[in-house]
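Derivation of every value follows stated rules applied to the coordinates shown; laboratory data play no part. All values derive from a computational prediction rather than experimental measurement. No Cβ is skipped: glycine too gets one built from the backbone with ideal geometry, and neighbour counts run over all protein chains shown.
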Amino acid sequence: QVQFVESGGGLVQPGGSLRLSCVASGTIFSKLAMGWYRQAPGAQREFVASIMSGGNINYADSVKGRFTISRDNAKNSVYLQMNSLKPEDTAVYYCNYGIKTSPSWGQGTQVTVSS
């Protein structure tokens, strides 16, 4: 069964940066699209970014130009570089498959943007 372990969150001031990491196990990582999702307090989980096995990338409009998704197949890892962070980016961030998500979500990593 696939497992996702996210890390790299924290407290950052508006305009700051963070880099999130996710390691996936129990899956053929290199052949699968991977994605980042987030859930703010009181809100539904939403799509943030995805990267296909061939490298095609998609972003939610709210993060375009500020976030960058990347992957390292040798490390079964996907990353999210977040720049110019805004208070509305505050959420728990999760990784999962990039097209049809697995029901096995990880614990996520908390990102708080506040002065």
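About its Cα centre, the dipole of the chain is roughly 200 debye, where the only charges are +1 on Lys and Arg Cβ and -1 on Asp and Glu Cβ. Each label was represented as a point 7 Å from its Cα along the Cα-to-Cβ direction; for residue 5 and residue 81 these points are 2.5 nm apart. Amide H contacts for residue 98 (H built 1.01 Å from N in the peptide plane; partners 5 or more residues away or on another chain; cut-off under 5 Å): 33, 34, 35. Remark: the stretch 5-18, residue by residue, has Karplus-estimated 3J(HN,Hα) of 10, 9, 7, x, x, x, 9, 9, 7, x, x, x, 9, 8 Hz, where x stands for each Gly or Pro and the curve is 6.51 cos²θ - 1.76 cosθ + 1.60 at θ = phi - 60°.
Say the dipole of the stretch 16-100 comes from +1 at the beta carbon of Lys and Arg and -1 at that of Asp and Glu; which of 57, 93, 17 then lies farthest toward its positive end? With unit charges placed on the Cβ atoms, the residue in question is 57.
Packing order of peptides 37-43, 91-97, highest average first: 91-97, 37-43 (average count of other Cβ atoms within 10 Å over each peptide's residues).
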